[in-house]
Amino acid sequence: MANSNWSKKSFGRAPARAADAVGKDFVPHLKARRTEFPLFGGKRVNPSLSGLEKLLGYYGVELQPQTLEQIWKYHQLIRENNDDQDLTRLNAFETMVERHYADCTLINAFVKKWPARMIDVGSGAGFPGIPLKLVNPQINLTLCEPRPNRINFLNMVIEKLGLKNIDVFGHKVTSRSMTIPVDGVISRAFELMEKTFPRLENSLKIGGRMFFMKGPAAADELKTLHPEDFGYKLLEKHFYNIPNSTQERALVIFERVE
């Protein structure tokens, strides 16, 4: 569902898109200040499948039951294998749902159709690649992550969740290392956009799209960025808050033209 389809009259419950539903009560510029965890009936939610569903709804995401169960299994695998906090430094259940699972699924509200063959650059513990794949199982996806512990974890997640048409590229993405022809690239890394473009020289096809998940600093970055210098053109830029959150986000989309 594209951002242009949102209006004050359509802030109600959004229908499912394709196989999964995203964007329930999704208000792109909603800013609701809060200083504590969300409470339901005066209580915090317990880490559970039902708690996950409740929190995702609170943060603007509604999913089909099967997808919700897969994300819950994914969450359990993270908690079971994160004793040294190498996978994520977030600990509170609410924060993980907000800044990982909701963050990586809300982007579907801006994209009508994802490219068929994609790579996730700097996947880490699987963000945004794993949630993106769970919501859009038709995508053929490669998770790119060079750190051994995370490579092992990602392969385990793929096996435990029974995912198909997804694999792990256990190296840093450079123009020399990544030569798989792809239709799309997504990244939720801190690297400047101008540093990512050259790394895709021998992988992203002409006409392919680059999706950057960024914070609010993307606005300043865009002021001095000249994508044409790298053979790209800016297609879309979306600035929004995770609903019922102070977390500011940006999704910036480019097309490779040469």
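Some points to look at:
- Across the alpha-carbon atoms of the chain, the computed radius of gyration and Dmax are 17.7, 56 angstrom.
- Residues of segment 199-226 with amide N under 16 Å of the 7 Å Cα→Cβ point at residue 179: 199-205
- Summed side-chain charge close to residue 213 - residues other than residue 213 whose Cβ falls under 14 Å, Lys, Arg +1, Asp, Glu -1: 0
- Fewest-first ranking of 242, 151, using other Cβ atoms within 10 Å as the exposure measure: 151, 242
- Expected 222 nm ellipticity per residue - DSSP helices of 4 or more, -39500 (n - 2.57), all of the chain, to 500: -7000 deg cm²/dmol
- Global geometry of segment 22-166, whether rounded, prolate or oblate, following the gyration tensor of its Cα atoms and the 1.5 cut on a/c: oblate
- Convex hull projection area averaged over all views, segment 110-212, Cα basis, nm²: 6.2
- Antiparallel DSSP beta bridges within segment 9-256, percent to nearest 5: 50
- Number of Lys pairs (Cα under 24 Å; 8 or more positions apart or on different chains) in segment 149-221: 8
- Among 169, 40, the ranking by other beta carbons within 10 Å of each residue's beta carbon, starting with the fewest, stands as 40, 169.
- Cβ-based exposure ranking for 190, 37, in which fewest neighbours within 10 Å come first: 190, 37
Since every read-out is calculated from the coordinates, none of them should be taken as a lab result. Bear in mind the structure is a predicted one, so any value in this text is a computation, not a measurement. All Cβ positions, even for glycine, are placed from backbone atoms using ideal geometry, and neighbour counts span all protein chains on display.
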